[in-house]
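The values are calculated or read from the model by the stated rules, or taken from the named source; none is laboratory data. None of these values were measured; they are calculated from a predicted model. Every residue, glycine among them, receives a Cβ derived from its backbone with ideal geometry; neighbour counts consider all protein chains shown.
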Amino acid sequence: MKKWKTILPVVLSLAIAASGSLFLYRYIKEKTAPPQVIKVQSNAVPIAVAAVDLAWGTKLTAGMMKTAPFFQESLPEGFSTDIAALKDRVLIVPLKRGEPIVEHRLAPLDIKTGGVSAILTPGKRAIAVKGDKVIGISGFINPGNRVDVLVTMKDPRSKIDKTKTVLGNVLVLATGTQFVKNEKGEPAPVDVYTLEVTPDEGEKLALAASEGKLQFALRNLIDSEKVLTQGATVAKTLASLTAKPKPVKRGGPVKVTVEVIRGSTTQRTRVKY
């Protein structure tokens with residue numbers, strides 16, 4: 001009996017320790033177990049996207065396109081799943097790599113030739129003018145930008161040089177470099193800018209380019225306000241930068257008193273003027 005009184009506390013202690021250890025083990029296991037992964041099945045559709053950055057006017061080839069999965073809930077309007085069907089279509093807007101190739105970004109099916117002619121607005125014309133890094137604002141003018149065209153030329157009426165904005169909010173279709181012969185007969189690079197204009201604007205631009213010196217002014221893409229200017233001459237520019245003289249404040253009329261002597265010295269009168 002004494003033996004059991006000695007062993008029983010030890011057995012109870014071991015049982016309590018084992019139960020506590022088991023409970024602690026289960027608690028720690030539940031807290032450190034990785035969260036249960038819930039798989040959600042969603043139907044993804046592989047659609048055609050640009051495999052590389054593409055400029056507008058590009059004629060699509062198979063190497064320029066690839067497919068990427070899009071959720072059905074986020075499919076863009078006019079998407080295509082068939083890359084072969086998009087071959088030889090012409091882009092009318094630039095695309096970044098990974099952007100969907102959709103119908104409203106493509107020229108009509110009957111247009112199979114890429115380049116500037118594919119992106120011209122009906123009724124408009126493309127005309128190219130020569131420039132340099134100054135006229136192109138050091139490379140900041142790119143296709144898709146809009147510019148105002150200024151010309152400096154001699155006014156036939158006053159025979160003085162005048163700078164005037166001749167075209168406003170003109171779309172830049174393309175920029176590039178051509179090699180022409182300089183005065184020494186050597187090939188030299190010349191920047192060329194292709195602009196979209198109406199036939200009437202094209203005549204003005206051709207005249208301005210041949211008779212004067214052109215300059216572009218870059219516009220904000222959302223700024224379409226038409227601005228009419230008076231033009232600038234050297235005299236008008238200097239006058240606008242010269243301070244006007246302040247008017248001189250003059251006092252009232254000066255009063256003069258004259259003493260008049262008649263006959264003898266005793267007859268004197270004073271006259272105020």
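When the test is whether a residue is more than 27 Å from the chain's Cα centre (by Cα), modelled with pLDDT of 90 or more and under 24 Å from residue 175 (Cα atoms), residue 67 does not pass it. Only residues that are at pLDDT 85 or above and exposed (fewer than 10 other Cβ atoms within 10 Å of the Cβ): list them for the stretch 201-221, please. Of everything in the stretch 201-221, those that are at pLDDT 85 or above and exposed (fewer than 10 other Cβ atoms within 10 Å of the Cβ) turn out to be 210, 220. Do we find that residue 191 is modelled with pLDDT under 85, among the acidic types (Asp, Glu) and either in the same structural domain as residue 152 (by TED's automatic domain parsing) or closer than 30 Å to residue 121 by Cα (or both) in this structure? In short, yes.
May I ask you to list the residues in the stretch 88-113 that are over 12 Å from residue 54 (Cα atoms) and part of a loop (DSSP other than H, G, I, E, B)? Once the filter is applied, which keeps residues that are over 12 Å from residue 54 (Cα atoms) and part of a loop (DSSP other than H, G, I, E, B), the stretch 88-113 yields 88, 89, 102, 107, 108, 109, 110, 111, 112, 113. Before we move on, is residue 77 of a type outside the set (Lys, Arg) and closer than 20 Å to residue 55 by Cα? No; evaluated as a whole, the condition is false for this residue. Applying the criterion of being in a loop (DSSP other than H, G, I, E, B) and touching a Lys or Arg at 6+ places or on another chain (Cβ under 9 Å) to the residues of the stretch 218-234, the residue that is farthest from residue 143 (Cα to Cα) is 230.
All of (1) in a loop (DSSP other than H, G, I, E, B); (2) in contact (Cβ under 8 Å) with a residue 40 or more places away in the chain; (3) not small (Gly, Ala, Ser) hold for residue 49 with one exception: (1). Of everything listed in (1) modelled with pLDDT of 85 or more; (2) part of a loop (DSSP other than H, G, I, E, B), the single unmet condition for residue 147 is (2). Pairs only if they're at least six apart or on different chains, beta carbon under 6 angstrom, first in the stretch 115-138 and crowded, with 16+ Cβ neighbours inside 10 Å, second at pLDDT 80 or above and among the polar types (S, T, N, Q); list them, first residue then second. Filtered contacts from the stretch 115-138: 126/194; 128/194; 135/215.
Look at residue 92 and say whether it is under 26 Å from residue 121 (Cα atoms) and crowded, with 17+ Cβ neighbours inside 10 Å. Criteria met by residue 92.
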